[in-house]
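Read through the structure below, which is laid out as structure tokens, and then see the notes.
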Amino acid sequence: MSPSLKILLLGGHGRVGWELQRSLAPLGHLVALGREQADLTWHEQVLAAVRTVAPQLIVNAAAYTAVDRAESEPGLAHAVNATAVAVLAAEAANRGAWLLHYSTDYVFNGSGLSAWHEDAPTEPLNVYGRSKLEGELAIRASGCKHLILRTSWIHSPRGTSFARSTLRLAAGHAPIRVIDDQVGAPTSAELLADVSAHVLRRALPEPALAGTYHVAAEGETSWHGYACHVLAVAQRLGLALRTQPDQLLKVPAAAYPAAARRPLNCRLDTRKLKHTFALHLPDWRIGVDRLLSELQPQHV
């Protein structure tokens, strides 16, 4: 990879963006912008940033991700996840640049038990999923060289997380009810960033590798299984807990009414990615174990 490659990273201060700052740095000259410098609701500002940096590669790690709030803010979700993405894609096409963009398992309806492959029919259940799908469609329609990486259940030591919330609840006295009929693969932001860098090294010199790929840690679990693993590892790490893994209560997703419907089957088929780029994806537990080892007890 040429050190003269100019890379513009948008959303550089988020969970995935923070890890991308590390993984993309060896690929070329990286300019990482946060929302303060490039707000995707302000399309003129985003265009100005692209034209100032003049990158050969645009990496968009910014997104509207408040799934429930999107139901009452569809315009904002669409502006960030669809319209701004269309602006980026058109500008990438105009200057012959690559665009790497992240999408979600929520573009599917979550029916059945089989893992979703890249060409499976899309049918989002909520505003967030529809806005992300519209962003995907805009990229493909633009004709720009692109990589769309769909992923699921992202976790990171930065900010709030399911693991951190589980540990906080387990330190109290109240019974903990956890959804057991929504299944996916917890995937670390670190893994997604490392995979992104590997894929870019291969794809940038070979435009035929452009397209959509699924990226998720190996294996699957429910949120209940995820929580049980978190508590079991926390015990081994010596954290004081009042709730034991076998005391977690299983409940269906219907027990937690929310503004946005969520898919139950969040499994992603990653065979295309692994075959195309000769990658091994680690089991989801490895990423969660690493996450927990980085969470200091006083920060839980």
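For the chain, find the longest principal axis of its Cα atoms and tell me its angle to the long axis of helix 15-24, 0 to 90°, nearest 10.
The answer is roughly 50 degrees.
If each of His198 and Leu279 carries a label point 7 Å out from its Cα toward its Cβ, how far apart are those two points in nm?
The two pseudo-label positions are separated by 0.7 nm.
Assigning unit charges at the beta carbon (Lys, Arg +1; Asp, Glu -1) and nothing else, what dipole magnitude in debye, to the nearest 20, does the chain show about its Cα centre?
Rounded to the nearest 20 debye, it is 380 debye.
Just to make sure I understand: if all protein chains stay in place, what is the order of His229, His275 by accessible area at 1.4 Å, largest first?
Correct descending sequence by accessible area is His275, His229.
Run the 1.4 Å probe and let me know the accessible area of Asp246, rounded to the nearest 10 Å².
Per-residue accessible area (Asp246): approximately 130 Å².
What do you get for the angle between helix 284-294 and the principal long axis of the chain? Use alpha-carbon atoms, 0 to 90 degrees, nearest ten.
80 degrees
For the modelled label position 7 Å from the Cα of Lys272 along Cα-to-Cβ, which residues of region 77-103 have backbone nitrogen atoms closer than 17 Å?
Under 17 Å, as judged by backbone N against the label point of Lys272, lie 99-103 of region 77-103.
How far, in nm, would the chain grow between Ala25 and Asp289 when pulled straight, counting 0.36 nm per residue and subtracting the alpha carbon separation? Intermediate values should be presented prior to the final figure.
Details: separation 264, 0.36 × 264 = 95.04 nm, distance 2.58 nm.
Fully extending the segment from Ala25 to Asp289 adds 92.5 nm.
Tell me the label only: which of (1) 140, 38, 37; (2) 90, 42, 38; (3) 57, 38, 36 is Cα extents along the principal axes in Å as calculated from this structure?
So the calculated entry is the one marked (3).
Using helices alone, I'd like the mean residue ellipticity at 222 nm for the chain: each DSSP H run of four-plus residues gives -39500 (n - 2.57), total over residue count, nearest 500.
One gets -11000 deg cm²/dmol as the mean residue ellipticity at 222 nm.
Quick one: putting +1 on the C-beta of Lys and Arg, -1 on the C-beta of Asp and Glu, what dipole do you get for region 195-265 around its Cα centre, in Debye to the nearest 20? Let's see the in-between values first.
Working: 7 positive and 4 negative charges, 38 e Å.
Approximately 180 debye in magnitude.
Any chance you could give the angle, 0 to 90 degrees and rounded to 10, that helix 223-236 forms with the longest Cα principal axis of the chain?
70 degrees
Which peptide among 93-99, 215-221 comes first, and what is the full order, when sorted by highest mean count of other Cβ atoms within 10 Å?
215-221, 93-99
Mind checking which of Tyr256, Pro186, His198 is farthest towards the positive end of the chain's charge dipole, using Cβ charges of +1 (Lys, Arg) and -1 (Asp, Glu) about the Cα centre?
Final value for the positive-end residue is His198.
Give the relative contact order (percent, whole number) for the chain; include only Cα pairs under 8 Å separated by 6+ residues.
20 percent
Over the chain, with the other protein chains present, what is the accessible area per residue in square angstrom, probe 1.4 angstrom?
Details: 13230 Å² over 300 residues.
In whole numbers, the chain has 44 Å² accessible per residue.
The values are calculated or read from the model by the stated rules, or taken from the named source; none is laboratory data. Being a predicted model, the structure only gives us computed values, none of them experimental. Backbone-built Cβ (ideal geometry, glycine too); neighbour counts: all protein chains shown. Heavy atoms of the whole protein, side chains included, go into the accessibility calculation; ligands, DNA and RNA do not. Shrake-Rupley method; radii C 1.70, N 1.55, O 1.52, S 1.80 Å.
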